[in-house]
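Any read-out appearing in this document is the output of simple, stated calculations on the displayed coordinates, not a laboratory observation. Note that this is a predicted model, so its numbers are computed, not measured. Note that each Cβ is placed from the backbone with ideal geometry, even for glycine, and that neighbours are counted across all protein chains shown.
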Ligand SMILES: [Zn+2]
């Protein structure tokens, strides 16, 4: 569907170091260096209404980790017209705190998530410290409530969400890590979410430090490279790279000046 448009919305940021964001940084023989990390959610504007991809981090999740709120995601949803009553379709790329905080802002929305992701975070494994580090118990409880209310839709490997909008499970970072492909007038956009935190991660083959399945993480890089090489994807949108907004058409007017970029 050529009428689809994608908004990349930045709501948070922090400073880190390469040695903490890339897996086993020491093996590359490259000096450590500071690296920023931005936090985004994404909106797909379709003929049938907006689709929200992830819901950012919550007050608790962000403050507990000393993240900087550029704006609160809930305020950003409001200013973009994404209200509980408007029931936007919600896609969850994975259940980490910075992607499912604020799910409670949409108590009437249908939520789509890979079956493997939902299963993993309700399997007991979410209590192990290496995994628990990246989640908030209250937010996993909210996800279970969504499931128990019958508002969740799961899929195995791929699902068509709308005309020209597909969600694919790639795994790696988490068992059900997903990407979203959106056909637009400017070509197909891959919302990579945390299958690609950083463009350097993807281009230099530096896996991210937090990983459930390393071969699957590498395979996700391969899949995206193949989609680009074969002309099936024209734009890869990273999950956290601070250069992301500047790679696309950055909006300085309207809500959240400077923190939104658009494609399509
Ligand atoms: Zn993330």
**Request:** Among DSSP beta bridges lying fully in the chain, give the percent that are antiparallel, nearest 5.
**Result:** 75
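Contact order normalised by length for the chain, with contacts defined as Cα pairs under 8 Å and 6 or more residues apart; what percent is it? Working shown, then result.
Numbers: 552 pairs, mean separation 53.8, N = 264.
Relative CO of the chain lands at 20 percent.
Counting other C-beta atoms within 10 Å, which of 74, 108 has the fewest, and how do the rest follow?
Numbers: 74 18, 108 12.
Neighbour counts put them in this order, fewest first: 108, 74.
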**Prompt:** Any idea how far the Cα center of the range 98-127 sits from the one of the range 161-203, in Å?
**Reply:** 18
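What does the highest-first list of 29-35, 210-216 look like by mean Cβ count within 10 Å? Walk me through the numbers on the way to the answer.
Values: 29-35: 10.9, 210-216: 16.3.
Top of the packing list down: 210-216, 29-35.
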**Asked** Using the per-residue mean of other Cβ atoms lying within 10 Å as a proxy for protection, in what order, highest first, do the peptides 47-53, 118-124 fall?
**Response** 47-53, 118-124
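When DSSP beta bridges are limited to those with both residues in the range 148-241, what percentage is antiparallel, rounded to the nearest 5?
80
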**Fill in**
Summing -39500 (n - 2.57) over every DSSP H run of at least 4 residues in the chain and dividing by its residue count gives a helix-only mean residue ellipticity at 222 nm, to the nearest 500 deg cm²/dmol, of -6500 deg cm²/dmol
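Based on the alpha-carbon set only, what is the convex hull volume of the chain divided per residue, in Å³? Walk me through the intermediate numbers first.
On the way: hull volume 31.3 nm³, N = 264.
Roughly 118 Å³ of hull volume per residue.
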**Asked** Highest mean first, what order results for 83-95, 149-161 on Cβ atoms within 10 Å?
**Response** 83-95, 149-161
